[in-house]
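Single-structure report; data block below.
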Amino acid sequence: MYEFEFEKPSTVAEAVAALADEDAQALGGGQTLIPTLKQRLAMPSKLVSLTAIPQLKELSDNGGMLTIGGAVTHAEVAEAAAASYPALADLAGHIGDPAVRNRGTIGGSLANNDPAACYPAAALGSGATIVTNTREIPSDEYFQGLFDTALNEGEIITAVRFPVPEKANYQKFLQPASRFALVGVFVAKYAAGVRVAVTGASEEGVFRWREAEAALDASFAPDALDGLSVDAGGMIGDLHGSKEYRAHLVGVMAKRAVAAAG
Amino acid sequence: MPKDQGIGASPKRREDVRFLTGAGNYTDDINVNGQAYVHFLRADVAHATINSIDTSAAAEMPGVVKIFTGADFAEVGGIPCGWGVTDRHGNPQQEPRHPIIAHDTIRHVGEIVAAVVADTLEQARDAAEAIEFSLSDKPAVVDMAAALAEDATKVHEDLTSNLCYDWVFGNPDDDAVQAAFDSAAHVTTLELVNNRLVANPMEPRVAIGDYSRATDEYTLHTTSQNPHVIRLLMCAFVLGLPEHKVRVIAPDVGGGFGSKIFHYAEEAFCTFAAKACGRAVKWTSTRAEAFISDAHGRDHVTKIELALDGDNNFTALRTNTMANMGAYLSTFSTSVPSYLHGTLMAGNYKTPIVQVNVKTVFTNTVPVDAYRGAGRPEATFQLERVIDKAARELGADPIALRRQNFITEFPYETPVALTYDTGDYVATMDKLEQVADVAGFAARRAESEKNGKLRGFGINCYIEACGIAPSNIVGMLGARAGLYDAATVRVNATGSISVMVGAHAHGQGHETTFPQVVADMIGIDESMVDIVHGDTGRVPFGMGTYGSRSIAVCGSAMVRATEKIIAKAKKIAAHLMEASDADIELKDGQFTVAGTDKSVAWGDVCLTAYVPHNYPLEELEPGLEETAFYDPANFTYPAGAYACEVEVDPDTGKVSIERFSAADDFGNIINPMIVDGQVHGGLGQGIGQALLENAAYDEDGQLLSASFMDYAMPRADDVPFYQVDHSCQTPCTHNPLGVKGCGEAGAIGSPPAVVNAVIDALQSGGKNVTHIDMPLSPARVWAAMNG
């Protein structure tokens, strides 16, 4: 990797100040950024670690609203949300491997917005709110395409607020090599309606499958999805699966998620 | 009570204590005083003319010691190919120069185009980014059929075409072979791909070159399966150095699987650069470099045809294969699709006519060479797939069809040049049917179907030629080396023993098994015997470890040397006991005189040999050290039968292996636990090839699966608990231990069983699928089901 400065502030204000430098970059758990640096594919002037800020490590369950600090690791979510939001805990508990789960953070994952990552499906599927140092961003406005989000330069995810659904489930079909989601579907049933978010499949990144949501609003059962399909046109086609295969898997995984949600 | 020592016992692997406690000594653990580091700048395009290279700015960068380009190696030799194949017209293979650093032309992504030696690795990398190139891109030649077209771009301008050789083996009479097909009652044809693989040993390659101005001696530390072979090739063909001035050390090596047999450019570079720089030069491959610089494996495209008579007897077999050589000929590359593949095409069957046609092809891809099994998996896969397809077409039971065509009398001379000395394919199939619980399959299928899954059963046989190899035979076939091995047994004055062996252990457990043999022969505790390997400065000239040859060839040399030790020790014992050496017996470490109660202990004899106060000095030299070289009389022929049971998820195409059973005949076995481990590992690699692994190139010659993000290695949860049996034993008839070798069997025998099982599952679900090319990824299986 190239040389860079390193800071590890203990408050959000200090972190924001540190990130004001040109080409400074925030560092969460480093599960994407550190390999990128090792391959010399990025050249930040400074890394600002967010993992020593107590505010970003907070996790609270406020009766129907789960708030997770931006620097909380996947392993911590898997444990802390097991009772309050088991579908989210299960998703967090199956990201990567134990080493990834003990370093990687929810804020880092959402800020990176990898098109095959799991957390974007949970956030969008839950209608979560992305809380930053300056504002609150509804998940429907947050995800803007591959590795692209509504975050501005230097803006830090301080927390993510998840409304807890009546029932929910996440089904992930693994890409055989990376074990990221080849297709992952998060289904959550709220009093206000069902949300279905799909990761891994689309060239535009995570998306809501609104046709499926409408069908499940009418009847929350796997066979409500019979005959529905996403258009293969916008899907990713690569070594691990064609566009058509991914489009097909979206339907299969959605049905399985509905069945598992009960 | 089972033995806990000696031949047939299963003592735990003594080397694992250091491996599992972080005390291993791998090449990257070695650091030489004052060493510099080299970073290789590698091509990121597959085919280009190098117009110019400007290193002037890079040379001024901090810490830079020296920058090398292809021009610096114009006066040294190229990397040699160790095997010369003669084509069907009697012509030699086309053999291009294989430079250490690309000179005028880049021929594959990953080829070295410049090397920067600097005080630190980061400085070397910084400087490499300042090197400027002028390149003219050329069309990349990737697809083999396209490479053989009349107007194809040539990978090597100085060759006549991209064809390395066009080879025929077995029955060369096209008309006679065609006549056999014309008169057949049934012909089954199958076109298939044997997918390209990357070996990916856990430890990437490392090389450290060192040079002593005081003694004019070189030392190369390297991750090699065969240090003497590396020394010979590098000294004689590349750098022109006298062998006695070069020491090659391959310490603990973290897996090879064939990919560390070959002499690589980086080894020659570090040795050369150490003198040129006046400092030791170290290179440690990154995983990313390994994907584009370690030789790949497999990559065959094949059409196979099987002719049967009206009674389902195999009457003729014909195969046509294109085999990818990549951009250059790696050390054993040309032997793999020819003599390691064509000679196995008879399999376990008495097919009277076999014709093998192979075209090897240059492409703008990483060189391809031996990978666990090397040619034999490619032969086994196509043969056992076409037999399975024939069984389906004929409505025959796949087990019965195989049994009916088994070779049952030995020795058996095949139509493809081998003589199988011994075997019992009926016995291994009987054993397999029992171990695999064939009888219970129907119930298991019904259970799977209840859960919405398709269940399939697949079976295959395999035979391989191991114990490589009789030097005179491989010499006739084009090998440019002998394939004997050597061992020196050095008995110390107090009776402990060091055995210096030419074989090299990089996961096989030699440090445990070899002492089991020597200790058993003498009757002493195994802890008194150690082996020494991996250092040309310490061991006799041996050819190393590959082709499941270690115990069959080097082990035989060790037995011969130990026999010499015992013969001499008996003479000393006879002198001490004032008896005739013909009357001396050795048992449990005690020498006795037959018919008397006289005895003398092993330790006393050893001490006498080195403190020869009471010793027949006029008849016998003091000391107790013997060397033997062993050249095998024939190959060995491990064989067996494998069965795989899969479940296929019809909604996603995902295959899961529910059972895998193996019945192997390895002849006599030294350590059953280690044999189990070797089979397990081989099966894991075969399952990896069948379901997961794929080195895929795009049309520009870029490797698409160039990291573990896209190259799917098998993980623990991809493989089942195995049922492995090796109780069928027909001992090898021509080596002293009666052993055959077990290292490659699993990788050779498992891919067809997996594919046969998946086809069986899909057909049970009413899908008319007769073949899917490996890897059988969920996407491919789903596409085949919905094609």
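Computed from the coordinates by the stated procedures, all read-outs in this text should not be read as laboratory data. Since we're looking at a predicted model, the values are computed, not measured. Because the Cβ atoms are built from the backbone with ideal geometry, glycine has one as well, and the counts that use them run over all protein chains shown.
Taking label points 7 Å from Cα along the Cα-to-Cβ direction, B:LEU620 and B:GLU132 give a separation of 7.7 nm. Counting Cβ atoms of other protein chains within 10 Å of each residue's Cβ and taking the mean over peptide A:243-250 gives 3.
Identify the residues of the range B:38-63 with backbone N under 19 Å of a label point that sits 7 angstrom from the Cα of B:ASP698 along the Cα-to-Cβ direction, or state none. Taking a point 7 Å out along Cα→Cβ of B:ASP698, the residues of the range B:38-63 whose backbone N falls under 19 Å are B:43-48.
Calculate the tail of P(r) for chain B: the fraction of all Cα-Cα distances greater than 35 Å, expressed in %.
49
Note on the protein assembly as shown: percent of Cα-Cα distances in each 20 Å bin, starting at 0 and stopping at the bin with the largest distance, equals 12, 37, 36, 14, 2, 0. Placing unit charges on each Cβ (+1 for Lys and Arg, -1 for Asp and Glu) gives the protein assembly as shown a dipole about its Cα centre, and among B:GLY682, A:ALA92, A:ALA81 the Cα reaching farthest toward its positive end belongs to A:ALA81. Electrostatic tally near B:THR494: other residues with Cβ closer than 15 Å to its Cβ, Lys and Arg +1, Asp and Glu -1, net -3.
For chain A, averaging the sequence separation of C-alpha pairs within contact (under 8 Å, six or more residues apart) and dividing by the residue count gives a relative contact order of 15 percent. Near B:ALA561: Cβ cut-off under 12 Å, other residues only, Lys/Arg at +1 and Asp/Glu at -1. The net charge is 0. Sparsely packed loop sites in the range B:604-635 (the GluC sites (Glu not before Pro) outside DSSP H, G, I, E and B with at most 14 other Cβ atoms within 10 Å) comprise B:GLU618, B:GLU619. In plain terms, the residue of B:CYS732, B:CYS644 with the fewest other Cβ atoms within 10 Å comes first and the most crowded comes last, giving B:CYS732, B:CYS644.
Computed from the C-beta positions of B:ASN786 and B:ASN492, the FRET efficiency with R₀ = 56 Å rounds to 0.20.
Rounded to the nearest 500, the helix-only mean residue ellipticity at 222 nm of the protein assembly as shown stands at -8000 deg cm²/dmol, with each DSSP H run of n ≥ 4 adding -39,500 (n - 2.57). Over all directions, the projected convex hull of the C-alpha atoms in the range A:56-163 averages 6.0 nm² in area. The residue among B:GLY749, B:GLY326, B:TYR211 whose Cα reaches farthest toward the positive pole of the charge dipole of chain B, with charges on the beta-carbon of Lys, Arg, Asp and Glu, is B:GLY749. Each of B:VAL141, B:VAL769, B:VAL435 has some number of other Cβ atoms within 10 Å of its Cβ, and from fewest to most they run B:VAL769, B:VAL435, B:VAL141.
In straight-distance terms, cross-link reach from A:LYS38 covers every one of the lysines whose alpha-carbon lies under 19 Å from its own, apart from those fewer than eight places away in the same chain; here that gives A:LYS46. Modelled spin labels at A:LEU228 and B:ALA396, positioned 7 Å past Cα toward Cβ, are 5.2 nm from each other. Applying a length cut-off of 15 Å (Cα extent along the axis) and a mean Kyte-Doolittle floor of 0.0 to the DSSP H helices of chain A leaves A:243-261.
Within the shell defined by Cβ-Cβ distances under 13 Å, the residues around B:LEU432 carry a net charge of -4, with Lys and Arg each +1 and Asp and Glu each -1. Based on the alpha-carbon gyration tensor of chain A and its eigenvalue square roots a ≥ b ≥ c, which shape applies: rounded if a/c is under 1.5, prolate if not and a/b is larger than b/c, or oblate? Prolate, since a/c reaches 1.5 and a/b exceeds b/c.
Annotation: the residues B:ASP210, B:ASP710, sorted from fewest to most other C-beta atoms within 10 Å of their own C-beta, follow the order B:ASP710, B:ASP210.
Treating only the Cβ atoms of Lys and Arg (+1) and Asp and Glu (-1) as charged, compute the dipole magnitude of the range A:5-49 about its Cα centre; round to the nearest 20 debye.
Details: 4 positive and 6 negative charges, 58 e Å.
For this selection, approximately 280 debye.
Farthest toward the positive end of the dipole of chain B, out of B:GLY78, B:VAL611, B:ASN91, is the Cα of B:VAL611, where the dipole comes from beta carbon charges about the Cα centre.
For the range B:448-545, count the residues as N, evaluate 2.2 N^0.38 Å, and divide the Cα radius of gyration by that value, please.
On the way: Rg = 20.9 Å, N = 98, 2.2 N^0.38 = 12.6 Å.
Against the empirical 2.2 N^0.38 Å value, I get 1.66 for the range B:448-545.
Using 0.36 nm per residue, how much length does the chain from A:ALA83 to A:ALA214 gain when fully extended, once their Cα-Cα distance is taken away? Gain on extension, A:ALA83 to A:ALA214, equals 44.3 nm. Think of each Lys and Arg Cβ as +1 and each Asp and Glu Cβ as -1; about the Cα centre, that makes the dipole of the range B:505-596 roughly 380 debye.
The listed peptides A:125-138, A:31-44, ordered by packing as a protection proxy, come out as A:125-138, A:31-44 (highest mean of other Cβ atoms within 10 Å first). Pairs exceeding a 19 Å alpha-carbon distance, out of A:LYS243/B:LYS654; A:LYS243/B:LYS303; B:LYS66/B:LYS282; A:LYS172/B:LYS654; A:LYS167/B:LYS453; A:LYS172/A:LYS243: A:LYS243/B:LYS303; A:LYS167/B:LYS453.
Roughly how many debye, to the nearest 20, is the charge dipole of the protein assembly as shown about its Cα centre, given +1 on each Lys and Arg Cβ, -1 on each Asp and Glu Cβ, and no other charges?
960
Excluding same-chain neighbours fewer than eight residues apart, the aspartates and glutamates reachable from B:LYS431 by a Cα-Cα span under 15 Å are B:ASP664, B:ASP665, B:ASP725. Between B:ILE30 and B:GLU585, how many nm apart are label points set 7 Å from Cα along the C-beta direction? Once both label points are built, they end up 4.8 nm from each other.
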